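Comments concern the structure below.
The values are calculated or read from the model by the stated rules, or taken from the named source; none is laboratory data. Just so you know, these numbers come straight off a predicted model, no measurement behind them. Heads up, the Cβs are rebuilt from the backbone with ideal geometry, glycines too, and the neighbour counts pull from every protein chain shown. Surface accessibility is based on the protein's heavy atoms, side chains included, excluding ligands, DNA and RNA. Shrake-Rupley method; radii C 1.70, N 1.55, O 1.52, S 1.80 Å.
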Amino acid sequence: MVNKSLLPVRFRLPLLGPVVFLTRGLHYNLQLLLFRGPGALFLNAWSLRPQCKRAGERLALARRLARGTVLLGAANLLLCPLVLVWQLLYAFFSYAEVLRRRPGVLGARRWSLYGRLYLRHFNELQHELAARLGRGHRPATRYMNSFASPLLAVLARHVAFFAGSVLAVLIALTVYDEDVLTVQHILTAITLLGLLLTGARSFIPDEHSVQCPEQLLQRVLAHTHYMPQHWQGSAGAAETRNEMAQLFQYKAVFILEELLSPILTPLILIFALPPRALDIVDFFRNFTVEVVGVGDVCSFAQLDVRRHGNPQWLSEGQTEASVYQRAENGKTELSLMHFAISNPRWQPPPHSGLFLSHVKERLQRDAAPHGPAEGALRASLLGDGCAAPDALLSSVLAHPLLAASGLLPRERRLTQPCSTASAAASVLLSLSSPLPGRGRGPSESPERPLPEESGAVPPRSPALSESRLLSLSRSAVLAEVASAEMSLHAIYIHELYLQQQQSPVGLWVAAGAPKRPWVTTGSAARASQLELREMPLGGWAEEDEEDEDEEEEQTTR
């Protein structure tokens with residue numbers, strides 16, 4: 001429902017603009033209203049009410065759901081004082097001691113509840129989501145820290161100077177004479193000045209840091225796997241930063257939203273949710289399937305590309321879904337890829353297997369000019385512990401040419417232009433080759449046994465030392481390979497989607513038709529130059545192709 005923008009969690013306020021409000025209190029009320037409550041649409045955890053499946057009762061169910069929503073909002077409004085007092089006490093006892101030890105904890109960031117629902121794959125387990133977002137915490141923090149306001153930085157420097165000066169004088173006086181501590185409110189002043197100094201320093205950027213927002217955002221995409229397409233090429237814009245802050249919010253904003261939740265949740269339940277009642281009833285009726293032995297489940301959980309695929313996300317010709325049935329942001333395709341990589345023994349249905357085979361063919365075609373990057377994979381993935389997958393992703397994003405060529409200085413490989421998509425395809429192609437402790441990929445033959453099943457000893461790699469072989473277990477290697485493989489698939493699929501959006505005829509052109517040159521998403525200037533190069537039409541087309549061939553030959557020489 002979050003993927004289809006069905007729940008009222010996005011609002012536009014007069015002064016603040018577009019905001020997202022989804023707290024634990026509102027989330028609990030939604031679960032109570034739809035799944036767990038006495039008047040919920042579900043009878044129990046595995047069975048939808050029979051009347052919800054009949055189209056003739058949709059209006060009566062919508063009125064009943066709207067009435068239940070208003071009553072639940074009124075109950076929240078009556079209990080608002082008690083819940084507000086509880087939230088204040090809970091926040092005080094939870095963060096008071098932490099603020100004393102680490103005053104800068106309020107300036108740290110965390111993934112919001114809305115961000116966790118927005119970024120979660122279909123059929124992704126909770127611990128898998130937590131591990132994936134944990135890997136993306138550092139790149140997301142670096143991206144958000146790349147935005148600095150000059151005016152705010154100057155103000156923070158002045159505040160830090162005056163607060164630090166007064167604090168230093170007070171500390172020096174207490175060291176000189178302990179009786180200074182007996183002065184009224186002196187400890188309070190020292191504590192507040194320390195908090196003010198720590199908070200001001202968090203707004204002062206590093207003078208020597210040079211950040212590239214496009215690359216940082218691509219590294220975030222490598223772990224989150226989802227990103228609105230209008231962010232591409234505008235990573236340095238304030239609108240992109242504000243929308244990213246809705247997914248990756250300050251700890252202080254999280255605490256403030258939880259404190260405001262007892263007041264705002266009843267208003268949302270009374271005024272914002274009842275107009276969506278009919279859409280919610282239709283959603284449960286249209287997207288519920290009965291699985292034998294399981295019960296009623298959401299049809300998106302079946303990862304059916306034919307029913308919920310999007311033609312713009314590598315599923316053209318394989319899906320029959322209408323706009324209403326499609327999952328947004330390519331979630332069906334990426335979720336299917338993630339589930340296949342996380343469960344290599346899974347037997348995909350025919351349509352899902354066809355989609356995975358189609359992606360593998362695209363990988364082989366895009367990586368053909370460079371071949372598999374086995375050298376880069378072995379050196380980056382297995383050479384430096386837990387940070388190795390990040391190093392591999394960094395090499396693909398920052399140096400796609402070297403990553404695709406396997407980090408081998410061969411002149412024949414330096415003659416081919418390389419995009420991020422082809423570099424990711426080259427590295428992904430190398431993952432299908434035998435690696436220490438690696439099982440089969442998602443699109444390999446299911447009859448091929450895993451190393452654990454066959455009992456075979458994994459081949460010795462020169463990148464692995466004896467101590468490394470002793471410290472790394474086979475499961476750890478498999479987890480690192482699966483994480484890096486899914487990250488590269490996310491980058492690759494998003495790159496192809498972006499190229500298709502930029503192309504007037506799309507990526508799926510007939511064999512022998514002229515293709516657009518590659519475009520790297522990190523360079524908006526290259527994209528604009530590409531558009532200028534493709535403007536001539538008509539009789540100039542053949543001359544332009546000849547000129548481009550001559551330019552390529554000169555560049556190769």
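Overview of results
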{"item": "Failed item in (1) surrounded by fewer than 17 Cβ atoms within 10 Å (Cβ to Cβ); (2) within 30 Å of Leu78 (Cα to Cα), with Pro262 passing the rest", "result": "(1)"}
{"item": "Failed condition for Leu155, given (1) open to solvent by 30 Å² or more (accessible area, probe 1.4 Å); (2) in contact with a Leu (Cβ under 6 Å, 6 or more places away or on another chain); (3) at pLDDT 85 or above; (4) over 30 Å from His225 (Cβ atoms)", "result": "(2)"}
{"item": "From Leu181, Leu197, residue being among the aliphatic types (A, V, I, L, M) and either closer than 30 Å to Leu30 by Cβ or open to solvent by 30 Å² or more (accessible area, probe 1.4 Å) (or both)", "result": "Leu181"}
{"item": "Scan of the stretch 317-335 for residues that are within 24 Å of the chain's Cα centre (by Cα) and in contact (Cβ under 8 Å) with a residue 40 or more places away in the chain, ordered by number", "result": "Ala327, Glu328, Asn329, Gly330, Lys331, Thr332, Glu333, Leu334, Ser335"}
{"item": "Any helices (runs of 4 or more DSSP H) falling wholly within the stretch 172-250 and containing at least 2 residues that are out of contact with any Asp or Glu (no Cβ under 7 Å at 6 or more places or on another chain), under 29 Å from Leu119 (Cα atoms) and at pLDDT 85 or above", "result": "213-224, 238-247"}
{"item": "Boolean, Thr288 is open to solvent by 20 Å² or more (accessible area, probe 1.4 Å) and either over 30 Å from Tyr492 (Cβ atoms) or among the polar types (S, T, N, Q) (or both)", "result": "yes"}
{"item": "Pairs, first touching a residue at least 40 places away in the same chain (Cβ under 8 Å) in the stretch 155-183, second open to solvent by 80 Å² or more (accessible area, probe 1.4 Å), C-beta under 7 Å, six or more apart", "result": "Ala156/Phe203; Val159/Leu196; Ala160/Arg201"}
{"item": "Strands (runs of 3 or more DSSP E) lying entirely in the stretch 1-77 (those with 1 or more residues that are surrounded by 16 or more Cβ atoms within 10 Å (Cβ to Cβ), free of Cβ contacts under 8 Å to residues at least 24 places away in the same chain and of a type in the set (A, V, I, L, M))", "result": "none"}
{"item": "Index of the failed condition, Ala277 passing every other in (1) in contact (Cβ under 8 Å) with a residue 12 or more places away in the chain; (2) hydrophobic (A, V, I, L, M, F, W, C); (3) open to solvent by 60 Å² or more (accessible area, probe 1.4 Å); (4) part of a helix (DSSP H, G or I)", "result": "(3)"}
{"item": "Residue count for the stretch 103-119, restricted to those that are under 20 Å from Arg241 (Cβ atoms), part of a helix (DSSP H, G or I) and modelled with pLDDT under 95", "result": "2"}
{"item": "Any hit, the stretch 338-357, residues being open to solvent by less than 50 Å² (accessible area, probe 1.4 Å), over 22 Å from Pro228 (Cα atoms) and in contact with a Gly (Cβ under 7 Å, 6 or more places away or on another chain)", "result": "yes"}
{"item": "Some residue of the stretch 104-111 being among the hydrophobic types (A, V, I, L, M, F, W, C) and surrounded by 15 or more Cβ atoms within 10 Å (Cβ to Cβ)", "result": "yes"}
{"item": "Single residue of the stretch 235-249 satisfying the filter (among the polar types (S, T, N, Q) and in contact (Cβ under 8 Å) with a residue 60 or more places away in the chain) that is surrounded by the fewest Cβ atoms within 10 Å (Cβ to Cβ)", "result": "Asn242"}
{"item": "When residues of the stretch 135-152 are limited to those that are in a helix (DSSP H, G or I) and open to solvent by 50 Å² or more (accessible area, probe 1.4 Å), the one farthest from Thr224 (Cα to Cα)", "result": "Leu151"}
{"item": "Sole exception among (1) closer than 29 Å to Leu22 by Cβ; (2) of a type in the set (D, E, K, R); (3) outside any helix (DSSP H, G or I) for Lys331, by number", "result": "(3)"}
{"item": "Unique match (being open to solvent by 30 Å² or more (accessible area, probe 1.4 Å) and of a type in the set (Asp, Glu)) among Glu320, Glu333", "result": "Glu320"}
